[in-house]
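Following: one structure in structure tokens, then a few remarks.
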Amino acid sequence: MYSIREQNKIQKRKCILDAAVQLFTRNGYEQTSIEELARQAGIGKGTIYSYFQTKKDILRAFCEDELEYIRSELTAKTSADASLKEQLLVIYLAEFRYVSRNKEFGRLLLQEKIFPQEHHGMEDFNIQNQYFELLYPIYEQAQKRGELRDDMELLHISGHFYALYLLVLSCWFNGMIPTEEIEQSLSTLIDQTITGLQKRSPAPEKV
């Protein structure tokens, strides 16, 4: 149970992030100032700085919240014993729902994650590592169950599946895949990939 002070902090942080979504979408990331954020959120400029030193910190906060949302969805909708496909669908559909809640803002968030305009700092690497820490145990269990080959690096497996998600997301942004077909598209691509990455059966012995 949060104290009143903690609840107020959570609410102010949410107000700042909600204002950021609206302004970044309407005016663009570069054109939005901290002063405008403060006015939109209905709080003082100094309060903004007590939570976020820069606009980059605000984008980083969205990435952290996205990761937390994915964790909660994974816990609520699946288990460690579930198939690789089931767990990946939960992860990528959760990520899609988070990114697609506002299309233009989602485009900005995705661009920042894939093509950041600034060099990655330690905070960015920490977020990236947390994402890998979420995925690696899933892939390791899949390798032990024989769903994936066990001679592949976990980083390469992560990159391969994430590339499929980015392909589907890019097609959605471009209007090639409607929202209602996202799950089926992901499911098909994951199926095809797992079939190609399954552990190879030993060659039959020569008589």
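Some observations on this one:
- Highest-fluctuation residue, GLU64, GLU35, GLU73 considered, GNM on the chain with Cα pairs under 10 Å: GLU35
- Whole-Å semi-axes of the chain's equivalent ellipsoid (Cα gyration tensor): 38, 19, 15
- Sparsely packed loop sites in the range 127-173 (the GluC sites (Glu not before Pro) outside DSSP H, G, I, E and B with at most 12 other Cβ atoms within 10 Å) comprise GLU153.
- Candidate cross-link partners of LYS45 among the aspartates and glutamates, defined by an alpha-carbon separation under 12 Å and a same-chain spacing of 8 or more, comprise GLU35, GLU36.
- Taking a ≥ b ≥ c as the square roots of the eigenvalues of the Cα gyration tensor, the range 3-115 is classed as oblate, since a/c reaches at least 1.5 and a/b does not exceed b/c.
- Along the chain, longest interval not containing exposed trypsin sites (Lys or Arg not before Pro), exposed being DSSP loop plus at most 15 other Cβ atoms within 10 Å: 1-100
- Fluctuation leader among GLY28, GLY175, GLY106 - the chain, Gaussian network, Cα springs under 10 angstrom: GLY175
- Extension gain (nm, one decimal) between ARG26 and GLN130, 0.36 nm per residue minus Cα-Cα: 34.4 nm
- Under 30 Å, Cα to Cα: Lys pairs in the range 54-197, sequence gap 8 or more or different chains: 12
- Overall form of the range 68-189 per C-alpha gyration tensor (a/c, 1.5; a/b vs b/c): oblate
- Of the DSSP H helices in the chain, those whose Cα atoms cover at least 15 Å axially and whose Kyte score averages 0.5 or more: 84-99, 154-173
- Distance in nm between pseudo-label sites at ILE4 and LEU154 (7 Å out along the Cβ direction from Cα): 4.6
- The sum of -39500 (n - 2.57) across all DSSP H runs of n ≥ 4, divided by the residue count of the chain, sets its helix-only mean residue ellipticity at 222 nm to -24000 deg cm²/dmol.
- Extended-chain gain in nm, criterion 0.36 nm per residue less alpha-carbon gap, GLU147 and GLN11: 44.6 nm
Rule-based calculations on the coordinates, nothing more; no lab input. Keep in mind the model is a prediction, meaning the values are calculated, not measured. For neighbour counting, all protein chains shown are included, and Cβ atoms are generated from backbone atoms with ideal geometry for every residue, glycine included.
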